[in-house]
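What follows is one structure encoded as structure tokens, with my remarks underneath.
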Amino acid sequence: MRSLVLIALLVSSSAFAQTIKIGELNSYKVFPAFLEPYKKGMELALEEVNASGGVIGRKLELVTRDDGGTPGDAVRVAEELISREKVNVLMGTFASHVGLAVSNLANQRKILFVASEPLTDKIVWENGNRYTFRLRPSTYMQTAMLIPEAAKLKKKRWAIVYPNYEYGQSATASFKKLLKQAQPDVEFVAEQAPALGKIDAGAVVQALADAKPDAIFSSLFAADLQKFVREGNTRGLFKSAVVFNLLAGEPEYLDTLKDETPDGWWVTGYPWKEINTPEHRKFRDAYQKRWKDYPRQGSVVGYAAVYTVANAVKRAGSSDTEKLVEAMKGLEMQTPFGPIVWRPLDHQSTMGAYVGQLSGKGGKGQMVNWRFADGAHFLPPFEEVRLLRKD
Amino acid sequence: MTVLQVRNLHKSFGGVRAVADVSFSVAAGELLALIGPNGAGKTTCFNLVNGQLAPDSGSIDLQGKNLVGKPPREIYRNGVGRTFQLTATFGSMSVRENLQVALLSHARKLGSVVSSLEQQTHAEADNLLQQIGMQAQAERPCAELAYGDLKRVELAMALASQPRLLLMDEPTAGMAAAERTELMQLAADLARNSRIAVLFTEHDMEVVFRHADRVLVLCEGALIAQGTPAEVRASALVRQVYLGDADLEPGHA
Amino acid sequence: MSFSSVLIQFLNGLASASSLFLVAAGLSLIFGVTRVVNFAHGSLYMLGMYFAVWLSERVGFWTAVPLAAAVVGFLGLLIELGLLRRIYKAPELLQLLATFALLLIIKDAALWAWGAEDLLGPRAPGLAAAVEISGGAFPQYDLLLIVLGPLVLVFLHLLLTQTRWGLLVRAATEDREMAGALGVNQRWLFSSVFALGALLAGLGGALQIPREPANLNVDLTVISDAFVIVVVGGLGSIPGAFLAALLIAQVKAFCIGLGFSKATLVVEFIVMAAVLVIRPRGLLGREATIPRGPGAEEPPLRPLSPLLLRALAALLAALVLLPLASDGYVLVLLTDVLIFALFAASLHFILGPARLHSFGHAAYFGLGAYAAGILYLQAKLPMELALALAPLAAGLGALVFGWFCVRLSGVYCAMLTLAFAQIAWSAAFQWDGLTGGSNGLVGVWPAAWLASKTMYFYLSLLACALAIALLWRAVHSPFGYALRAGRDSPLRAEALGIDVRATQWAAFSIAGLAAGIAGALYAFSKGSISPEAMGIPRSVDGLVMVMLGGIHTLTGSVWGAALFTWLQDAAARNVDYWRAAIGVSILVIVILLPRGLATLVQKRA
Ligand SMILES: Nc1ncnc2c1ncn2[C@@H]1O[C@H](COP(=O)(O)OP(=O)(O)OP(=O)(O)O)[C@@H](O)[C@H]1O
Ligand SMILES: [Mg+2]
């Protein structure tokens, strides 16, 4: 009985406080390397927003949940956030299929979903819906960011290696299409699609070497990437071929390579130490002060995701879903990577990424010769996108 | 009338000749005993007849129908019931349920997914239980029964299908002397009244000579003698190869 | 492929084979003697990797490797003494549940101890470079592995054939009861075998660190590879495991070499299915005596006592009234519980009364779910019709797969079901046009009149309660008796005219159909369907639910499903290391209630 009263009190007090609740769900235990920094980024942003008085006079509240890494569990967790926690916004997810499942639920239950991490193009295009917005530069965008450098090299024989699931498949498809456009005489001489997390690196490296490529496009990451790099180094695969690897410059993946870091690879990533724009410097200082650790790519995403919600609420002047959705369309805001716009057309933010080369100097991986690639410049023309979207 | 006719049956396991050129027949209403020392090939003969094993050569006919190559369940459908030397019952079921399964199988009603074990088989099962004198134990799981009781249950299960040929592999093992007589008397009555052909093995010579109409003597897979109990008992050959001494007198098991 | 690349791919295959063999050998030893399907074997391997990386930084690679192996071996000993020893006599597969709990705990412990980041180990000093072989480069270290595999094989062979300990191990592998009767001190034997198996796993992991970073996902990858190898080789056969490792590693290397890299997703399962269909006991497996420990005795079925019946009716009434008093989420959670209860009950239907072990029951759940999604999205059928027809697809799948599976028994049968499930999974994963590939299908929502949580809950309640009741009925029907007859004594059953295989086949199909109902309901409750629905974890979840509830009663599965689903939900929400929390809860239940939750209910009733 007493506990009932207590619950009643809690419920009513939270109702009076009128916080804006963000229901965040992510695969914390399946992808901890990426999501621990992500969580820290979120918490930092939350503290900042609330320290400055919250938004529209209300505090932000973050309710985080582990989604177990499967769509089925994620949907259940999202339902809990919606119906029990009564959150105003859903946010998060990492793997593409989980993101799509939650996006699909958001559409059904009519609640704003800020998909922070998932990279799949489909979440804003083929399966895009009114309630879903995606923050990170997509697979397509990051692939497109590598194209100018790839085309510049005028290499003819390309080999491709990718993890065999949607991310790797669509990265490969986009890369082939875009490179062919930029350099019609290109030839794709080998394609290897090992199962995610199970690359048989020795055999894959040998098979690629057999094709005698001038260049290699890879979308491997995490353990697959490390195995590939070590085997490739030992077997001398990278001596004769330039490598382009999506995401490999992100500290989450790069840092683990240490003295194996191959020199000269073109990658997308996040050279956190060297970005000295005022907005990034401010973020980095605050993050290091708060967490006694340096920021990773995930930190930036988590941080920007919370600010996205804060900005949307501010712009909507309300926490009403429909108003929030309208406010998200065309929302302009600042992030550690500079200003972004949330495109009304497909709900994709124009957040960019850094393109550069790897260097293993001093036994530690870092990005050199990097430049910022603004996401806005690496999206297909409006007409193409409009055709893809069904709504 | 001949129920089972076995001709020139052969079966070897690797180098061991378990059954070698065995021929015999059993008539309806007849109790035929198959005896022989341990490892003589008795159980193997049973397994060949009931389809558990396939013979290397030879023929097995049940009322003119060839049984060779048929699986046990089909041979059962042709009217052969058996008990096992090492009893085989359904341990997780009660005695009555064991019999009900046997009855339902005979009636080809085991395919039903929605009905429950029928009342009718309940009564029939109790009838069988009464025959083997186990009404009191109807509800007990078979896993808990004593060995002798299990033998009885096996017999009842074999009888549930009203077989034309009954194979009993050491049916009285694990029973006291009085029980043995009782059980064999039951088998004999059944054979006489229902015209069942009964083939059984037995180590207890008293049981054999008292109940069998005819006796087959197997040694190292080969049939070395056959005839009435009196003839077999008198056979010097049997004495020599089977027992090596004069232990064939009744009362000396 | 040029000669040089054929040669190098062959060497690649040999090196991988050695790595695979080390883990598989340990697993095979352990299974052969203790009959424990050690789910945590991959976790021991993972620990070997982490310890080796950690120790390398302190004492150097070459010292770290044997040290890590020894530490893991010692851990194995502790696990055997502290946990497994208590449950050898428990029902079959309970050890599987316990080792599954260990897997969860070890994963979180490693995360806690070494952090989330992958740890790339050092190269092996002295063997860091490559040698030139026929114009191609080949790592020196891999040459060492190529030699090491056969060396370990020889060592184990000598150990098993030339020592008294080995004699006892072989005796126990071939006939456990007999070994017991020979006066073998089983306790000591089991402990030492488990420790040796763990040590081999740890050694395998430690030796792998120059080739692969220590990471938290390796446990599951390795355990599934190791199972496949052990079964393909023949349970308990060490040379068989070696042969199987060679076969599978070479097939994989050449899939990659010849440009069929996508096939590596399932090729080992295809190999396993083929081997098992042709040789039901693996390459070198022998007809083992069926383990019938005390735990294998099946208790009789009991009719529902009036009290339990009343309790069930009350529960049902409470469920019917629940939507009046809930916040919506309870309905969502309970819908999940109902669906998994049916899934678990359908698995129990073959696991319990038929003792057909299945590690791949998710295949039928997934087939039902995908069929629902495809009928609804692609064939544009109305939702109600899609829901009604989808289970038939699962039933059909079970009919086809079941025909092969019922020909095997025990772990072989289980692994064949797993192989089929993985093949179905990979079809779902790769068949983009039909199944949406790795992303799956989205937009699978119920018709408007069923769309509210309350209505969908009622639909699930109706369908699941009805299906479970029918399964219960079937267990107690003549068919159910025939099924149990075949389980209790196949010999007697056949002699009574029962076609044991056909009965099992029918049961397998019915179970598939029922799992398909659960799957179809699941698809529409989530709005989407992805390959996970038929992945190994889902099959394992099913087993866990059945074992938690107790293998001996169908209703146990329902309690097991409820508890496990609730545990997952509650733990994931409230505890940081929720996997470990679930693991510990399972262990507590395993030790306190080895016969499952159902014993609690039965005691009361
Ligand atoms: N499945 C089998 N595999 C190999 N050898 C077998 C098999 N079954 C029986 N044998 C051998 O065949 C011979 C005959 O055995 P069988 O069991 O038929 O003898 P039996 O007359 O029934 O003996 P007992 O009186 O001990 O029951 C024996 O040498 C036995 O070892
Ligand atoms: Mg015998």
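The values are calculated or read from the model by the stated rules, or taken from the named source; none is laboratory data. Just so it is clear, the structure is predicted and the values come from calculations on it, not from any experiment. Cβ coordinates were reconstructed from backbone atoms using ideal geometry, including for glycine residues, and neighbour counts include every protein chain displayed.
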| query | Assuming B:Ala88 fulfils every condition listed in (1) within 16 Å of ligand 1 (Cβ to nearest atom); (2) within 7 Å of chain C (Cβ to nearest Cβ); (3) free of Cβ contacts under 8 Å to residues at least 40 places away in the same chain apart from one, which condition is it? | reply | (3)
| note | In the range B:25-36, residues that are within 15 Å of ligand 1 (Cβ to nearest atom), out of contact with any Asp or Glu (no Cβ under 7 Å at 6 or more places or on another chain) and modelled with pLDDT of 90 or more total 1
| said: Being in contact (Cβ under 8 Å) with a residue 60 or more places away in the chain and within 22 Å of C:Leu459 (Cβ to Cβ) is the requirement here; does C:Ala580 meet it? | reply: no
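Can you give me the ranges of the helices (runs of 4 or more DSSP H) entirely in the range A:162-248 with at least 1 residues that are facing another protein chain (nearest Cβ under 10 Å) and at positive phi? Full working, then the answer.
Values: elements: A:166-182, A:201-210, A:222-235.
The helices (runs of 4 or more DSSP H) meeting that bar are A:222-235.
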| What is the number of the single condition among (1) free of Cβ contacts under 8 Å to residues at least 12 places away in the same chain; (2) within 11 Å of chain A (Cβ to nearest Cβ) that C:Gly135 does not meet? | (1)
| said: Whether any residue in the range B:32-41 is surrounded by fewer than 23 Cβ atoms within 10 Å (Cβ to Cβ), within 16 Å of the chain's Cα centre (by Cα), in the same structural domain as B:Gln63 (by TED's automatic domain parsing) and more than 13 Å from ligand 2 (Cβ to nearest atom) is what I want to check. | reply: yes
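Of all helices (runs of 4 or more DSSP H) completely enclosed by the range C:483-572, which ones contain at least 1 residues that are within 14 Å of chain B (Cβ to nearest Cβ) and of a type in the set (Ser, Thr, Tyr)? It would help to see each step written out before you state the result.
Values: elements: C:490-495, C:500-526, C:536-549.
By residue number, C:500-526.
Please verify whether B:Met175 is more than 16 Å from ligand 1 (Cβ to nearest atom), part of a loop (DSSP other than H, G, I, E, B) and more than 22 Å from B:Gly51 (Cα to Cα), treating the condition exactly as stated. Reasoning before the result, please.
Details: more than 16 Å from ligand 1 (Cβ to nearest atom): yes; part of a loop (DSSP other than H, G, I, E, B): yes; more than 22 Å from B:Gly51 (Cα to Cα): yes.
Considered against the rule, which asks whether it is more than 16 Å from ligand 1 (Cβ to nearest atom), part of a loop (DSSP other than H, G, I, E, B) and more than 22 Å from B:Gly51 (Cα to Cα), B:Met175 comes out as yes.
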| message | Just the residues that are in a helix (DSSP H, G or I) and free of Cβ contacts under 8 Å to residues at least 60 places away in the same chain, please, taken from the range C:252-268. | response | C:Cys255, C:Ser261, C:Ala263, C:Thr264, C:Val267, C:Glu268
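Yes or no: B:Ala178 away from ligand 2 (no atom under 16 Å from the Cβ), surrounded by 15 or more Cβ atoms within 10 Å (Cβ to Cβ) and assigned by TED's automatic domain parsing to the domain that holds B:Gln63?
Details: away from ligand 2 (no atom under 16 Å from the Cβ): yes; surrounded by 15 or more Cβ atoms within 10 Å (Cβ to Cβ): no; assigned by TED's automatic domain parsing to the domain that holds B:Gln63: yes.
In short, no.
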| note | Turns out the strands (runs of 3 or more DSSP E) fully within the range B:16-86 with at least 1 residues that are within 17 Å of B:Gly221 (Cα to Cα) and of a type in the set (Asp, Glu) are B:16-27
| said: So the check is Cβ under 7 Å with 6+ separation or different chains; which pairs have a first residue in the range B:32-51 that's under 21 Å from B:Ser235 (Cα atoms) and a second one that's of a type in the set (Val, Ile, Thr) and within 8 Å of ligand 1 (Cβ to nearest atom)? | reply: B:Leu34/B:Thr201; B:Ile35/B:Thr201; B:Gly41/B:Val19; B:Lys42/B:Thr201
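Could you name every one of the helices (runs of 4 or more DSSP H) located completely within the range A:279-391 that has at least 2 residues being surrounded by fewer than 16 Cβ atoms within 10 Å (Cβ to Cβ) and in contact with a Leu (Cβ under 8 Å, 6 or more places away or on another chain)? Before you say what the answer is, go through the steps one by one.
Details: elements: A:297-316, A:321-328, A:382-388.
Of the helices (runs of 4 or more DSSP H) lying wholly inside the range A:279-391, those with at least 2 residues that are surrounded by fewer than 16 Cβ atoms within 10 Å (Cβ to Cβ) and in contact with a Leu (Cβ under 8 Å, 6 or more places away or on another chain) span A:382-388.
Out of the residues in the range B:37-74 that are within 11 Å of chain C (Cβ to nearest Cβ) and away from ligand 1 (no atom under 16 Å from the Cβ), which is nearest to C:Asp499 (Cα to Cα)? Steps first, answer last, please.
Start the filter on the range B:37-74 by keeping residues that are within 11 Å of chain C (Cβ to nearest Cβ), which leaves B:46-47, B:50-52, B:71-74.
With the extra rule that they be away from ligand 1 (no atom under 16 Å from the Cβ), the set shrinks to B:71, B:73-74.
Numbers: B:Pro71: 10, B:Arg73: 7, B:Glu74: 9 Å.
Looking at residues that are within 11 Å of chain C (Cβ to nearest Cβ) and away from ligand 1 (no atom under 16 Å from the Cβ), I get B:Arg73.
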| remark: For C:Ile423, the lone unmet condition from (1) more than 30 Å from C:Leu319 (Cβ to Cβ); (2) within 12 Å of another protein chain (Cβ to nearest Cβ) is (2)
| message | I'd like the residue in the range B:192-219 that is at pLDDT below 85 and of a type in the set (D, E, K, R) and, out of all such residues, is nearest to ligand 1 (Cβ to nearest atom). | response | B:Asp204
